[in-house]
1. Ignoring any ligand, DNA or RNA, what whole percent of the accessible area of segment 6-63 comes from carbon and sulfur when the probe is 1.4 angstrom?
2. In segment 8-23, whose amide N lies under 18 Å from the spot 7 Å out along Cα-to-Cβ of Thr61? List them in ranges.
3. Among residues other than Gln52 whose Cβ falls under 15 Å from its Cβ, what is the net charge (Lys/Arg +1, Asp/Glu -1)?
4. What net charge is computed for the residues neighbouring Val38, neighbours being all others with C-beta under 14 Å from the C-beta of Val38, Lys and Arg scored +1, Asp and Glu -1?
5. Sum -39500 (n - 2.57) across every DSSP H segment of at least 4 residues in the chain, then divide by the residue count to get the 222 nm mean residue ellipticity, nearest 500.
6. Counting Lys and Arg as +1 and Asp and Glu as -1, what is the net charge of the other residues whose Cβ lies under 13 Å from the Cβ of Cys14?
7. Cysteines of the chain lacking any other cysteine beta carbon under 4.7 Å?
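The values are calculated or read from the model by the stated rules, or taken from the named source; none is laboratory data. Everything quoted here is computed from the prediction, not taken from an experiment. No Cβ is skipped: glycine too gets one built from the backbone with ideal geometry, and neighbour counts run over all protein chains shown. For accessibility, only protein heavy atoms count, side chains too; no ligands or nucleic acids. Shrake-Rupley method; radii C 1.70, N 1.55, O 1.52, S 1.80 Å.
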Amino acid sequence: MAANWYPIIDEEKCIGCFQCVDFCPHGVLAKADGKPEVVKPEDCVEFCRGCQKVCDQDAITYSGEN
Ligand code: SF4
Ligand code: SF4
């Protein structure tokens, strides 16, 4: 559980390719309305940056990274 570490999607940069949703093995992200939605932030793994790495648009940052 990582209450202080979960993805934040930049809606302006995101193109809705859903690579991040398909990548995350913990179901943190879900496909919703053409854009990913953070549905299970508590299941995100602290300091994992997997979804950020697969995002070509540089649209993902993390709560708790600063
Ligand atoms: S990988 Fe990046 S551009 Fe694609 S849906 Fe996720 S946040 Fe959006
Ligand atoms: S940081 Fe890792 S665990 Fe968290 S949503 Fe992205 S891929 Fe999933």
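1. Numbers: 1730 of 3530 Å².
Whole-percent figure for carbon plus sulfur exposure: 49.
2. What the label zone holds, given the 18 Å backbone N cut-off, is 8-15.
3. Numbers: positive: Lys13, Arg49, Lys53; negative: Asp10, Asp22, Glu46, Asp56, Asp58, Glu65.
After counting each charged neighbour, the total is -3.
4. Details: positive: Lys31, Lys35, Lys40; negative: Asp10, Glu11, Asp33, Glu37, Glu42, Asp43.
Net of charged neighbours comes to -3.
5. Values: 2 runs with 10 residues, N = 66.
Value at 222 nm, helices only, nearest 500: -3000 deg cm²/dmol.
6. Details: positive: Lys13, Lys31, Lys35; negative: Asp10, Glu11, Glu12, Asp33, Glu37, Asp56, Asp58.
Around Cys14, the charge tally is -4.
7. Among the cysteines of the chain, those whose Cβ sits 4.7 Å or more from every other are Cys14, Cys17, Cys24, Cys44, Cys48, Cys55.
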